[in-house]
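The block underneath contains the structure these notes are about, expressed in structure tokens.
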Amino acid sequence: MAETREPPPLSEEENIKSEEEDDDLFASAHVEVKAEEPKGEKVTAEIEPQNLLDEGDDIDLNFAEGAKQANADKVDETSKANLFEPEKVGDAANIDAQPLVNDQPKAAPRSSAFATATKNKAQQLSDEIEEESSENITINISVSHPQKVGDGMGAYMTYKIVTKTNIPEFKKELFSVNRRFSDFLGLHSKLEEKHAHLGRIVPPAPEKSVIGMTKVKMSKEDDGTLAHDEFVEKRRASLERYLNRTASHAVLRLDSDFREFLQLDADLPKATNTSALSGAGMKRLFNRVGISVNKMTYKMDESDEWFEEKQQQLENLDDQLRKLHTSVEALVHHRKQLSLHTASFAKSAAMVGNAEEHTSLSRALSQLAEVEEKVERLHEKQADADFFVLAELLKDYINLIAAVKEVFHQRVKVFQNWEAAQQTLTKKRETEAKMHLAGKTEKLDQAKADIAEWEANVQKGQHEFEEISQTIRKEVDCFEKQRVIDFKSSIIKYLDSLIDDQQQLIQYWEAFLPEARAIA
Amino acid sequence: MTKEEFSKMKQELEAEYLATFKKTVAMHEVFLQRIAAHPVLRSDHNFRVFLEYDQDLSVRSKNKKEKFGGFLKTITKSADEVMLHNQKDVDEFFEHQKVFLEEYYTRIKDSTSKADKMTRTHKNVADSYIKISGGLVQLATIENTDLSKFLNSLGDGFEKARKLEGRIASDQDLKISDTLRYYMRDSSAAKDLLYRRLRCLSNYESANKALERARLKNKEIQQSENAQQHARESFDHISEIAKSELADFKTRRVQMFRKNLIDAAELEIKHSKAHVQLLKNTIQTLKEA
């Protein structure tokens with residue numbers, strides 16, 4: 001069916017445009033909208049006739065639609081139309097978009113009803129989200145075979161990425177590529193550029209590590225032993241989690257950069273702007289300083305209490321997770337110590353067994369030493385499980401929450417822009433009034449043009465704000481659901497591994513018992 | 001500190017106290033039983049008094065003078081030991097014993113300290129569970145999703161696991177470390193016995209030499225003869241007793257190790273089974289939550 005096929009060039013163009021933009025939010029939105037307009041016809045033509053969109057109403061819908069083109073995989077695109085209902089609510093222009101449920105034009109009043117409307121829609125949205133996930137879309141990514149390439153300071157690790165999916169946008173169902181760490185970072189920064197300012201939560205990439213990589217670069221051993229290195233394993237696991245998390249996001253998984261990352265056979269162009277010392281790195285540093293100053297100085301008066309609540313919750317969650325993370329790390333540390341000490345005890349018990357004259361006692365003591373050795377290996381295994389399952393899970397979520405907070409901040413920025421636009425509009429109006437009084441007719445026209453322009457900007461600002469609020473609500477709901485699922489499954493996995501270890505322990509000691517009894 | 005934290009801490013302290021109490025009681029019991037089992041020591045007057053006297057024994061601890069005196073004695077003793085160290089024994093049995101005991105002592109001392117470290121770290125692991133359980137419960141309180149019940153039960157699970165691990169650690173301590181420690185002390189005592197015997201031997205030998213010298217000089221022969229006789233007697237006496245004591249030492253050692261190793265293994269199995277049960281229960285409650 002034609003409507004399930006999205007035209008790839010469409011989204012690519014859109015993405016290119018967004019990449020070229022600088023940080024001016026309005027500009028990007030504006031241009032994107034303009035880019036979408038001529039395609040508006042094409043888009044609407046492709047979408048099922050039930051999605052009746054008012055011709056004059058293209059602007060916002062297409063903008064949103066264009067952004068959601070990536071989601072076109074859905075069989076029922078009609079449900080998508082419903083997703084964007086609230087965005088049109090606040091629009092002053094007449095809205096004729098038709099919700100699928102009741103074939104009546106929805107012309108809801110302005111943002112006062114927005115809040116209540118969104119609450120109703122929120123329910124519908126969560127239904128639709130469930131609908132989406134219940135459809136048979138699977139994507140599974142595994143990262144393996146860390147290999148060292150090159151030598152000396154220029155060396156780096158590549159990882160083999162195998163993707164198995166039945167999403168139609170991907171060319172094949174099973175494919176694999178080789179990527180290096182900076183490729184991952186490049187992917188993340190591209191995704192962030194494209195999506196973060198729309199309010200989507202982009203999963204954060206694993207952190208750089210100078211120490212770990214230097215060790216890798218300096219090591220002279222070949223790939224075999226390196227693959228077992230703790231740092232490499234840690235990195236491999238976190239890369240795998242990163243890719244799977246990004247793939248589980250309905251919009252991000254269909255992003256063209258993401259797909260290229262997974263599919264393109266050749267090496268990706270070196271993402272030099274991710275290295276810390278590059279020009280882009282410096283720029284990032286300055287940006288960050290500016291952002292933190294902004295965060296501290298500007299206080300947005302929050303009209304929507306949902307956001308207040310959520311932010312508070314996120315702060316609390318962040319705190320608690322950090323505390324928990326430190327205690328889990330302490331546990332890991334202690335267990336590693338325990339395994340060390342058990343090992344040394346095993347050795348000294350063996351020595352005592354050797355010195356012992358009485359034969360069966362000597363034998364029993366050596367057996368004890370062996371058991372303790374096995375126990376030591378078990379403790380080490382458990383410490384590993386503690387770390388990889390629990391500690392990393394918590395760390396991931398702490399980072400994710402930082403990304404969510406970032407998204408909230410984006411919303412504040414959008415609000416700021418909207419307010420700024422409103423202020424400019426008022427000023428322009430004043431100038432116009434002054435001109436009018438002073439009778440300078442030629443400048444009056446200019447002033448009127450200005451006013452019109454800024455009125456449009458104000459509307460745009462408001463739209464964006466409402467849109468981003470909408471997206472954020474959806475994203476946060478998704479995030480919460482995902483979090484619950486993640487936590488539950490990881491913890492159960494961890495407890496299962498504990499059970500296994502304990503049962504092994506039982507076996508070892510039961511094997512030892514007859515030996516102990518055999519002491520004559 | 002909140003009430004729950006306070007009661008938890010109280011419980012923890014009680015458990016620790018109980019564990020230490022168990023340990024001290026066991027040690028004392030072993031000590032008294034040893035004395036009672038010994039054919040000569042059991043009829044010692046002091047021992048009798050200790051067991052039978054109704055009222056409080058007023059045992060005065062060493063005052064300064066005695067402590068100092070004791071300190072000096074240890075110094076002279078160790079100097080003596082070094083001197084006697086090179087003296088080779090006539091009797092092969094004792095020679096062999098000496099070598100064996102020296103080595104055994106060093107190794108078992110090493111083992112005791114390692115076992116102690118191991119039990120201590122094990123306790124640390126158990127204690128770190130407390131913080132995790134506390135963190136989980138706090139997380140559960142601020143949580144508003146399904147995770148709340150989940151985390152609560154998980155926190156409980158960790159709490160119980162901690163108690164279990166703590167008990168494992170203290171039992172391990174009790175059985176293995178203490179056995180090793182006891183035998184470290186015992187082998188030290190055996191070494192002392194050998195030392196005393198060697199002392200007697202050297203006394204005997206010097207008495208012999210004195211006798212020969214006296215015979216040469218033809219002076220005080222009787223005296224030296226008496227001295228030599230005396231020394232010889234005490235040497236023989238001590239040698240015999242030492243033989244039986246050392247044989248006894250060996251049997252006792254074997255027995256005690258056997259008992260404690262069996263106990264240790266059984267306790268480990270019991271605790272691991274309980275642990276598995278606890279984990280299974282927790283998973284069950286978590287899956288239902």
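The values are calculated or read from the model by the stated rules, or taken from the named source; none is laboratory data. The structure presented is a predicted model; accordingly, all values stated were derived computationally and were not measured. All Cβ positions, even for glycine, are placed from backbone atoms using ideal geometry, and neighbour counts span all protein chains on display.
If the requirement is being farther than 30 Å from residue B:231 by Cα and in contact (Cβ under 8 Å) with a residue 12 or more places away in the chain, which of these qualifies: B:117, B:109?
B:109
Before we move on, is residue A:368 part of a helix (DSSP H, G or I) and at pLDDT 85 or above?
Yes, satisfied.
When region A:330-360 is examined, which residues are found to be touching a residue at least 24 places away in the same chain (Cβ under 8 Å), touching a Leu at 6+ places or on another chain (Cβ under 9 Å) and of a type outside the set (Val, Ile, Thr)?
A:331, A:339, A:346
Say we look at region B:141-165 and pick out the residues that are more than 9 Å from chain A (Cβ to nearest Cβ) and either more than 18 Å from residue B:5 (Cβ to Cβ) or modelled with pLDDT under 75 (or both); which of these is nearest to the chain's Cα centre (by Cα)?
The extreme case among them is B:165.
Quick check on my filter: what residues within region B:141-196 are within 30 Å of residue B:34 (Cβ to Cβ) and polar (S, T, N, Q)?
Correct list: B:170, B:172, B:177, B:179, B:187, B:188.
If I ask for residues that are surrounded by fewer than 21 Cβ atoms within 10 Å (Cβ to Cβ) and under 41 Å from the mean Cα position of the chain (by Cα), which ones from region A:366-375 would you list?
Matches in region A:366-375: A:374 only.
Can you name the condition, by its number, that residue B:138 falls short on among (1) surrounded by fewer than 22 Cβ atoms within 10 Å (Cβ to Cβ); (2) at pLDDT 80 or above; (3) more than 15 Å from residue B:5 (Cα to Cα); (4) facing chain A (nearest Cβ under 8 Å)?
Failing condition for residue B:138: (3).
Take the residues in region B:16-38 that are under 17 Å from residue B:185 (Cβ atoms), of a type in the set (Val, Ile, Thr) and free of Cβ contacts under 8 Å to residues at least 60 places away in the same chain; name whichever of them is surrounded by the most Cβ atoms within 10 Å (Cβ to Cβ).
Looking at the filtered set, the residue picked out is B:35.
Would you tally the residues in region A:472-500 being more than 9 Å from chain B (Cβ to nearest Cβ) and in contact (Cβ under 8 Å) with a residue 40 or more places away in the chain?
Final tally of qualifying residues: 14.
Can you tell me how many residues in region A:504-520 are exposed (fewer than 15 other Cβ atoms within 10 Å of the Cβ), facing chain B (nearest Cβ under 7 Å) and either closer than 12 Å to residue B:268 by Cα or β-branched (Val, Ile, Thr) (or both)?
Going through region A:504-520 one residue at a time, the tally reaches 1.
So, residue B:81, is that one closer than 30 Å to residue A:352 by Cα, in contact with a helix residue (DSSP H, G or I) (Cβ under 7 Å, 6 or more places away or on another chain) and either away from chain A (no Cβ under 14 Å) or not hydrophobic (A, V, I, L, M, F, W, C) (or both) or not?
Here the answer is yes, as residue B:81 does meet what is asked.
For region A:343-360, state whether one or more residues are surrounded by 18 or more Cβ atoms within 10 Å (Cβ to Cβ), farther than 17 Å from residue B:179 by Cα and within 9 Å of chain B (Cβ to nearest Cβ).
Yes, region A:343-360 contains a residue that is surrounded by 18 or more Cβ atoms within 10 Å (Cβ to Cβ), farther than 17 Å from residue B:179 by Cα and within 9 Å of chain B (Cβ to nearest Cβ).
Just give me the residues in region A:410-446 being loosely packed, with under 15 Cβ neighbours inside 10 Å and under 23 Å from residue A:471 (Cα atoms), in sequence order.
A:420
Looking at A:369, A:383 in this structure, which one is in contact with a Gly (Cβ under 7 Å, 6 or more places away or on another chain) and facing chain B (nearest Cβ under 10 Å)?
Of A:369, A:383, the one residue that is in contact with a Gly (Cβ under 7 Å, 6 or more places away or on another chain) and facing chain B (nearest Cβ under 10 Å) is A:369.
Would you tally the residues in region B:219-277 being more than 14 Å from chain A (Cβ to nearest Cβ), more than 20 Å from the chain's Cα centre (by Cα), in a helix (DSSP H, G or I) and not aromatic (Phe, Trp, Tyr)?
Number of matching residues: 23.
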